[in-house]
Amino acid sequence: MALRSLHVLQQLQQQRQHRHTQQHRPRLGRQWGARARLRAPAAVHAPAVRRTCRAARSAGNSVQARASNIDPLAQFDFAAGNTHVEEEYDVVVVGAGHAGCEAALAAARSGARTLLLTLTLDKIAWQPCNPAVGGPAKSQLVHEVDALGGEIGRMADRCYLQKRVLNATKGPAVWALRAQTDKREYSQVMRQVLESTENLSIREAMVTELLVGPNDDVQGVKTFFGISFLAPAVVLTTGTFMNGKIWVGKQSMAAGRAGEAASVGLTEHLRALGFETDRLKTGTPARVDIRTVDFGGLEEQPGEAEDRFFSFDESVHVRREQMSCYLTRTTAATHKLIRDNLDETPTYGGWVEARGPRYCPSIEDKIVRFAEKESHQIFLEPEGRTTPELYVQGFSTGLPERLQLPLLRTLPGLEQCKMLRPAYAVEYDYLPAVQCSPTLQTKRLRGLFFSGQINGTTGYEEAAAQGLVAGVNAARLAKGESLVTLPRNSSYIGTLLDDLVTKDLREPYRMLTSRSEYRLLLRGDNADRRLTPLGHEWGLISEERFAAFQRKIGNIEREAQRLRATRIAPDSAVAAAVSAASGQALGDQGSYTLESLLRRPHVSYSLLLEHECGDRSLTPAEREATEIDIKYEGFINRAQRQLASLERKQERRLPDDLDYDRVPSICLEAREKLSKVRPQTIGQAQRIGGVSPADISALLVHLESGRRRSQAAGKQQRRKQLRRQAMLAQERQGREPEPRDAAAAAPSAGSATANNSEGQEQPEASKKVVQP
């Protein structure tokens, strides 16, 4: 079979070369830019190539093929220029940003043969805006991605310049680790990870079309230069590149980001397939030369959090020397220059109408929207250990380049600065995510997945979370397995997905802690306990790492039991220390457990360690988890009860074929939104903008009426079946059917027949009549 497949490949090549010589020679003069739509000869159409490639791989595994070191796919070395060469994969990922990298790694680690296509291999996992990972709500996403087997947390732990914990004075539900990272190191290390991952190939290409089968299923992609790659699952992670255009004042150019070409053709192709597209805008501030900044009068912000990491995998924890960031502020001169030139910015000048991110506004937006404020904080953050570039956080602008340097020099410390890169705004195409299901597969085409900024989000963390889910599901679809998703109450990732596919968002979406009603239960410290078993089930967590996770869980449980069982006297040294820290005196009524002492305010596990009442063999993460579980046990239990009650109401499923046009008493807007989003549960329907509580009540009434009608119809059907059985039983006895009301007596009639085998008439009193 293997040799016959190789022979078939050779014949296909000969046919291809002959037809090229006879038919396509005049087309050799066409330039690549014309993008001629040439098709392969009939002998090498997609299905044939797919079958032959499978056979060729089998042949490649033979002893003869290995001995000769021949790649069977090399038989498709067709004459260049006129038709595309097709290769087959399980999953094709388009775009190598943070969503694309996570999607490709998740698919490959799931066992799918994966191809990652990118416009340039030199900018893999690039951080075009602030090179930082984490922050409020975003750090929870990073912890969760890592708990499931993703890479972004491991990368941040390897490449950080500085780490800080935000909201440290508040409760653990809103603690947020943030790391400033080395931009170039991050990209280089991520590329090394991708290149060393089994089942994963990387290639430069610009995808302009999808190959779509007759049943609205994706079969692969086609590039700008006419090369096609076959795959039953495709993940689009195009970032800001689809018809991207950058603006500096009134000047614009086609680009996905500064110095990189935009992706053209794909938006128009998707629109032709029936997808809705729209435009969004974002921006990035100028970069200045760190050697020209006077830090003498600025507030230094040194690194901290030496023992805190994003990843739960301790093998990637690296302790490095940290670099400082600095704080400066805008001045009256800053505000005046901006107000005097607002008409020269793309947004206020009126030549860009795309919506920008609400929670990361440009400096001109801050000046206009918060006119009463006399000053705004500006952070100066390094971009790497080997580059002089300094990121001016909070100072993105669309002003012309000629005004940007004077504007920078109005900031204290930057009076003599030199600008290395100008700030710019970028607008790009996206596809509203209501066109996707929670698995991130599109509703229109089977096998097509969207993730990242193409879904309308902003931020590396949001992109990475979507990429992991899309990559896992793309691999599962290719293997014929059921797709998976994360419920809203399970994680911040679940909240993100639910918001995207439920709410018709028209501005860049950013994850916030306030978006999750379950945030007390969805903390960063317990992300592994919530999600690592699931990541192991999906095939993303290695056996070694899962064993380490199980040891951690065991250590936490044993320590909690020890603290619960260990008692101390009220006159002991640790009791005195607890009284001093909490401000609450211990009574004389007997001994106290260490657990009860740890529950007191301002008492931490470190205090127990100081008095030799803690376990020094535990890791910092295990100690923290134990302390949080004990100290906040009452709040956590109450939140879990509330969650269970809410789930019972919201998890009621909605039929997939529900016709909302037939639901009475709901308003027109709600009818349109429900028909467009197609929510899967009542809870999801409640969160759709434009759907009121009255609409939900009407929907519940409709569902209950339908349930009762279905129940009544089922009862009627059962009555008919009983009557038919009774009539058949009586016919077997050679008697006339009894009246309709007595027809349901089939069971007793059957019993009478069994007990009266000689055909004698039973006494009338012995006949039971069961009313229907």
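General remarks:
- Taken as Cα centroids, region 467-488 and region 84-123 sit 15 Å apart, rounded to the nearest whole angstrom.
- Using C-alpha pairs below 8 Å separated by at least 6 residues, the relative contact order for region 293-394 is 28 percent.
- Accessible area expressed per residue, region 219-357, with surrounding protein chains retained (probe 1.4 Å, Å²): 44
- For region 435-567, the extents of the C-alpha atoms along the principal axes are 61, 36, 21 Å, listed from largest to smallest.
- Translational diffusion of region 309-385, estimated by Stokes-Einstein from the Kirkwood radius over alpha carbon pairs at 37 °C in a medium of 0.692 mPa s, is 207 µm² per second.
- Cβ-based charge dipole, region 632-682, positive-most Cα from Gln642, Cys667, Tyr632: Tyr632
- Those trypsin sites (Lys or Arg not before Pro) in region 614-677 that DSSP places in a loop and that have at most 10 other beta carbons within 10 Å: Arg616
- Taking a ≥ b ≥ c as the square roots of the Cα gyration tensor eigenvalues, region 195-275 comes out oblate, since a/c reaches at least 1.5 and a/b does not exceed b/c.
- Reducing region 526-556 and region 653-686 to their Cα centroids gives an inter-centroid distance of 38 Å.
- Anisotropy class of region 562-616 from Cα gyration tensor, a/c 1.5 cut: oblate
- Charge dipole (debye, nearest 20) of region 84-215; +1 at Cβ of Lys and Arg, -1 at Cβ of Asp and Glu: 880
- Region 369-519 shape via C-alpha gyration tensor axes, a/c threshold 1.5: prolate
- The distance from the alpha carbon centre of region 149-224 to that of region 280-336 is 21 Å, rounded to a whole number.
- Pairs beyond 26 Å (Cα-Cα), from Lys163/Lys373; Lys123/Lys163; Lys138/Lys366; Lys138/Lys336: Lys163/Lys373; Lys138/Lys336
- With semi-axes defined as the square roots of five times the eigenvalues of the C-alpha gyration tensor, the equivalent ellipsoid of region 102-261 measures 31, 22, 15 Å, largest first.
- Qualifying GluC sites (Glu not before Pro) for region 519-617 [loop in DSSP, other Cβ within 10 Å: at most 12]: Glu612
- In a DSSP loop and with at most 16 other Cβ atoms within 10 Å, the trypsin sites (Lys or Arg not before Pro) in region 470-502 are Lys479.
The values are calculated or read from the model by the stated rules, or taken from the named source; none is laboratory data. It should be emphasised that the depicted structure is a prediction, and the values quoted were computed from it without experimental measurement. For neighbour counting, all protein chains shown are included, and Cβ atoms are generated from backbone atoms with ideal geometry for every residue, glycine included. Ligands, DNA and RNA are excluded from the accessible area calculation, which covers all protein heavy atoms including side chains. Shrake-Rupley method; radii C 1.70, N 1.55, O 1.52, S 1.80 Å.
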